[in-house]
1. Run the numbers for LYS11 and ARG34: contour at 0.36 nm per residue of separation, minus the present Cα-Cα distance, in nm.
2. Per-residue HN-Hα couplings for segment 55-69, Karplus 6.51 cos²θ - 1.76 cosθ + 1.60 at θ = phi - 60°, whole Hz, x for Gly and Pro?
3. By the gyration tensor of its Cα atoms, with a ≥ b ≥ c the square roots of the eigenvalues, what is the shape of segment 2-113: rounded for a/c under 1.5, prolate for a/b over b/c, or oblate?
4. Could you pull out every one of the lysines with an alpha carbon less than 18 Å from that of LYS68, ignoring same-chain neighbours closer than 8 positions?
5. Name the long-range amide H neighbours of ASP51: under 5 Å, sequence gap of 5 or more, or other chain; modelled H, no Pro or chain starts.
6. Can you work out the Karplus-derived ³J(HN,Hα) for every residue in segment 14-19? Use 6.51 cos²θ - 1.76 cosθ + 1.60 with θ = phi - 60°, whole Hz, and x for glycine or proline.
7. Once the piece of chain linking ASP91 and LYS42 is laid out straight, how much longer is it, given 0.36 nm per residue of separation minus the C-alpha distance between them?
8. Work out the length of the dipole vector of segment 2-113 about its Cα centre, built from +1 on the beta-carbon of each Lys and Arg and -1 on the beta-carbon of each Asp and Glu, and round it to the nearest 20 debye.
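Throughout, read-outs are computed from the coordinates displayed, never taken from laboratory work. This is a predicted model, so every value here is computed, not measured. No Cβ is skipped: glycine too gets one built from the backbone with ideal geometry, and neighbour counts run over all protein chains shown.
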Amino acid sequence: MIRHIVLFTAKDKAHIDRIVEGLSVLTAIPHARRLEIARNRKTDQLSNDVDVVVYGEFDNEMELAAYKAHDLYQESIKQVRPLRELRFAADYHVAMDARCASEAAMNDLARYTEPTGGDEA
């Protein structure tokens, strides 16, 4: 599975809703297993520059390429590009590129962080 993540900043914060609307056109493209368009909640303690997030999951590179080649993708670009300042995109293959904490690793971590039963102050 390929994960496709795109982050946008608005030239003018008053246009964030229009950016979300323009990106929402993408949800009608049939090639994604999952596609989400969302405003950034801006709760990170270090950086809240990103205004809008696109998160997509695709079965393979062919599906992602077909999504990007779709007419609605071009329509979304036409609507959003004049309103956005920055666009950062990242694609990765979950099985080959991602490092994930497995359930077994999480259980091991929990064992190391549990109290040992001695006198605790």
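1. 5.5 nm
2. Couplings: 10, x, 10, 10, 5, 6, 4, 5, 5, 5, 5, 5, 4, 5, 8 Hz.
3. Note, shape of segment 2-113 comes out oblate.
4. In chain and number order, the partners are LYS78.
5. Under 5 Å from the amide H of ASP51 lie the amide H atoms of PHE8, THR9, ALA10, each far enough along the sequence or on another chain.
6. 5, 9, 4, 4, 5, 5
7. So the chain would gain 15.4 nm between ASP91 and LYS42.
8. Its charge dipole is roughly 320 debye.
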